[in-house]
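One structure is given below, encoded as structure tokens.
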Amino acid sequence: MLRSTDLLTVIFTVALIFFFCFILYPGLRQTVDMQERFIVQEGSSNSSTADNRPVGDAQDNRDELNIQESARTRQPYDVFLVVDVEGTCEAGSSFDHPNEIIEFPVCLMRWKDDKQRHELVVVDEFRSFVKPSWRPTLSRFCKELTGINQSQVNNAPTFGQVLESVSQFLVKHGVLDEGCCEPLLRFCWCSDGPYDVRDFVVKQCFISKIDMPSWLKGDVLDVKKMVTSWSIMQNHRGRKMKAMLTRNYPNRPSLNISSQLRVLGLPAFQGRKHSGIDVAPFKFFMSHHSHTDSNLFFQDAWNISRIISECARRNIRLQPNTRIDPNRRWSWMGKSGQILLQI
């Protein structure tokens with residue numbers, strides 16, 4: 001007779017065999033089959049995806065579009081308009097003085113390769129003297145500072161006429177629409193400091209009793225501010241750098257054009273500062289950087305263009321950092337263009 005313990009052992013063994021054969025094994029087999037089907041489907045899907053990938057010219061075109069998109073993200077502006085106006089001035093006067101613009105120069109810069117956007121070149125220039133209306137006689141200090149003489153401004157067009165010529169210049173280069181003067185390209189005004197458009201142009205529009213054109217109301221790239229900030233980040237770290245980058249930092253440096261050229265490793269300032277015209281340096285620059293037959297150039301604008309070009313080469317992002325308020329008013333402004341100062 002089987003003992004009770006032996007009987008229990010037999011029953012347990014039979015139950016274990018039944019569980020493995022009819023319950024555990026079929027479940028494992030089903031799991032394996034599902035995994036095999038998933039692997040086959042995944043391989044088929046990958047193969048299909050690979051078959052749908054662009055090859056040859058199609059893949060090259062997609063890569064090229066990605067490169068262009070990256071370049072436009074890094075440098076979103078198509079055209080840079082370098083402006084460096086000269087204005088009437090008196091010895092000891094400040095930027096709050098009712099200066100009148102007497103010279104309006106513009107350097108138009110574009111990307112040599114619009115896809116890569118690493119190299120900016122000057123493609124053309126606009127330049128005109130401007131006839132002042134409030135104080136038409138230039139001071140001796142002004143003539144010595146700018147090199148502009150009285151006969152040049154006496155025979156010059158008015159500020160309104162000059163603005164019309166500038167708009168036609170921009171239309172010629174496809175920057176503005178000929179009919180409505182709306183922008184066709186994304187452009188940015190550039191100047192050494194914020195004063196040229198933010199102050200001088202706003203004041204001149206008031207004095208000339210004309211509305212500021214919409215194409216002049218765009219924000220401005222203050223090149224001095226940009227290069228100064230870049231120089232701080234190159235030479236300082238941590239809290240010191242953050243403090244110096246704040247606008248109200250007491251000892252924040254302010255680099256003039258000569259200093260900007262120096263920190264960027266460029267040759268020294270070329271030409272006469274505050275100069276309206278110098279033929280030789282412009283011919284040299286244009287022969288190396290663009291295709292134009294112009295034989296005039298303005299020294300400050302040319303040197304600022306060199307700085308912008310070098311910043312682009314160093315992949316420094318070129319974007320506006322100064323806002324324009326066409327309705328800004330100074331204490332000497334009365335009603336309808338009236339100037340509340342004695343001549």
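Summary table below
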quantity: Breaking point among (1) open to solvent by 50 Å² or more (accessible area, probe 1.4 Å); (2) modelled with pLDDT of 95 or more, for Gly174; calculated: (1)
quantity: Number of the exception - Leu341 against (1) modelled with pLDDT of 90 or more; (2) under 29 Å from Gly147 (Cα atoms); (3) not basic (Lys, Arg); calculated: (1)
quantity: Scope region 170-196; condition hydrophobic (A, V, I, L, M, F, W, C) and touching a residue at least 24 places away in the same chain (Cβ under 8 Å); matching residues; calculated: Leu170, Val175, Leu176, Cys181, Leu185, Phe187, Cys188, Trp189, Cys190
quantity: Some residue of region 152-169 being in contact with a Ser or Thr (Cβ under 8 Å, 6 or more places away or on another chain) and without any contact (Cβ under 8 Å) to a residue 40 or more places away in the chain; calculated: yes
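The values are calculated or read from the model by the stated rules, or taken from the named source; none is laboratory data. Because the structure is a prediction, the values reported are computed rather than measured. Cβ: placed from backbone, ideal geometry, glycine included. Neighbour counts: every protein chain shown. All accessible areas refer to the heavy atoms of the entire protein, side chains included, with ligands and DNA or RNA removed. Shrake-Rupley method; radii C 1.70, N 1.55, O 1.52, S 1.80 Å.
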